[in-house]
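The values are calculated or read from the model by the stated rules, or taken from the named source; none is laboratory data. No experiment lies behind these values; they were computed from the predicted model shown. A quick note on method: Cβ atoms are made from the backbone with ideal geometry, for glycine too, and the neighbour counts reach across all protein chains shown. Ligands, DNA and RNA are excluded from the accessible area calculation, which covers all protein heavy atoms including side chains. Shrake-Rupley method; radii C 1.70, N 1.55, O 1.52, S 1.80 Å.
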Amino acid sequence: MKKKLLFIMNNLNCGGAEKSLLSLLQTIDYSKYDVDLYLFKHEGIFLSKLPMQVNLLKEPPYYQYFDMPLKAALIDCIAKGRFSVAMFRLFAGYIFYTEKNASRREQRVWKYLSYTLPSLSGTYDAAIGYLEKNPVYFGIEKVKATKKLGYIHNDYNKLQMDPNIDNKFFEFLDHLVTVSDICGEVLEQKFPQYKSKVRVIQNIVSPTLIHQMSVESSNLYDNKSTTIVSIGRLNKQKGFEMAIEACKSLVDKNYDIRWYVIGEGEERNRLEQMINDYQLHDHFYLIGIKDNPYPYIREADIYVQPSRFEGKSIAIDEAKILNKPIVVTNFSTAKDQITHYENGLIVEMNSAAISEGIIEIMESDALRLSLKECLSKESLGTESEIEKFYALT
């Protein structure tokens, strides 16, 4: 008899956790599992890539009111006679206005959002909140399941969340799952009372699929320039303002650089202004979200990840699989993926260090060849991690 699983996620926009979920769903053995997926919003580039065996549940009807301006939400609620929803949206509006920390804002708003979300019918063998905050909270409060799993995809200490709020929810989880050993150690230190619940399951990455997809395009770049690529949401975590400053330094030193960033986010306007201010229109490009980023990585000369923090970066693993020389900043989990001067460079978290690392790779044929040779020998597939997931469910 098949086991029944429920995954809970905000949406399927382009991000590391979303890509990780898609890879997991593409790996599951559907002869043994029936899978439902609950999304707060049916949106994102990965939505069209869901395996046909996944049953996408209906979008919650009132979530939209917490994702629109307060005035518009209240007008629509009142016009449709949804007075209790209007009241809870008003309470949430006060938190949206007064709580400046985005992570804690989402945590605090949950108690009002929760009132508007119906519980799911039926019982699951396992409910998996696949991202911190709302997906985890929903799985605990709104789902009947034999096992309940909650995922934390980052270094908890860097997420700026209120552990007192999470503590009350984590009590009801059977397993608290994260994506790297260091992230697991952080959770054990932050929540010692739940140490026995912490499990590490790496993001599932398929080298075969990545290599196949990487050859779909060609001649993406100007071959005369040194081409750099970075991937990530355009937000503070990813540190792209440091990348722009590093690019400015390289251009000022007369290096012919073309730096492409794949991703989208709330920092776009600020980053575009920096590009304008530094007159980098011919050197630094925000090219948006790409359904298939792998040709861009394959044809680049260097991959750079200038993040302030990461859980375990899928993009770095993808660049490793495609044997790219890599420069990463020294965020807390960088050493989980990169060994300095062996399969990449780890540099200090500032623009000067980033540019110096890039120069070192550009100017040393021996270093480039050494990094690529080391990467070519690494065993980078993580498809077997699905067995750890099966064991928890």
- Item | Listed residues S31, L21, L70: farthest to the positive end of the dipole of the range 5-108 (Cβ charges) | L70
- Note on the structure: Regression test value, accessible area per residue of the chain, probe 1.4 Å, units Å², expected 45 Å²
- Query: Which part of the range 314-339 falls in the paramagnetic zone of L367, meaning amide N under 11 Å from the point 7 Å along Cα-to-beta-carbon?
  - Reply: 326-327
- Item | Contact order relative to length of the range 159-211, as percent, for alpha carbon pairs under 8 angstrom and 6 or more apart | 35 percent
- Quick calc, the range 195-258, dipole around Cα centre from Cβ unit charges on Lys, Arg (+) and Asp, Glu (-), nearest 20 debye, gives 580 debye
- Note on the chain: helices (DSSP H) long enough, at least 15 Å by alpha carbon along their axis, and hydrophobic enough, mean Kyte-Doolittle at least 1.0, are 83-98
- State log₁₀ I(q)/I(0) for the range 228-289 at q = 0.16, 0.20, 0.21 Å⁻¹ as given by the Debye formula over alpha-carbon point scatterers of equal weight, solvent excluded. -0.43, -0.67, -0.74
- Query: How far apart, in nm, are the 7 Å Cα→Cβ label points at E266 and L220?
  - Reply: 2.8 nm
- Query: Could you name the aspartates and glutamates in cross-link range of K197, using Cα to Cα under 13 Å and dropping any fewer than eight places away on the same chain?
  - Reply: E171, D174, E185, E188
- Output the relative contact order of the range 73-173, whole-number percent, from Cα pairs under 8 angstrom with separation of 6+ residues. 22 percent
- Treat every Asp and Glu Cβ in the range 1-137 as -1 and every Lys and Arg Cβ as +1, leave all other atoms uncharged, and give the resulting dipole magnitude about the Cα centre to the nearest 20 debye. 280 debye
- Query: Once the Cα gyration tensor of the range 246-357 is diagonalised, what are the square roots of 5 times its eigenvalues, in whole Å and ordered largest first, as equivalent ellipsoid semi-axes?
  - Reply: 22, 17, 14
- Keeping the other protein chains in place, figure out the carbon and sulfur percent of the accessible area of the range 227-337, with a 1.4 Å probe. 40 percent
- Query: Can you give the convex hull volume per residue for the Cα atoms of the range 177-259, as a whole number of Å³?
  - Reply: 145 Å³
- Query: Using a simple charge model, +1 on the beta-carbon of Lys and Arg, -1 on the beta-carbon of Asp and Glu, nothing else, what dipole does the chain show about its Cα centre, in debye to the nearest 20?
  - Reply: 1680 debye
- So, with a 1.4 angstrom probe, what is the percent of accessible area on the range 95-225 that is carbon and sulfur? 45 percent
- For an R0 of 22 angstrom, estimate the FRET efficiency from the Cβ-Cβ distance between K111 and F83 and round to the nearest 0.05. 0.75
- Task: Give me the compactness ratio for the range 324-392, meaning the Cα radius of gyration over 2.2 N^0.38 Å.
- Result: 1.35
- Over 21 Å between Cα atoms, which of K320/K377; K100/K248; K4/K58 qualify? K100/K248
- Item | Kirkwood-Stokes translational diffusion coefficient of the chain, alpha-carbon pairs, 10 °C, 1.306 mPa s, µm²/s | 71 µm²/s
- Query: If D166, D174 are ordered by their accessible area, calculated over protein heavy atoms with a 1.4 Å probe, which sequence runs from highest to lowest?
  - Reply: D174, D166
- Item | Whole-number D in µm² s⁻¹ for the range 125-201, Kirkwood Cα-pair radius fed into Stokes-Einstein, 37 °C, 0.692 mPa s | 270 µm²/s
- Message: Report the Cα centroid-to-centroid distance between the range 318-377 and the range 252-291 in angstrom, as an integer.
- Response: 21 Å
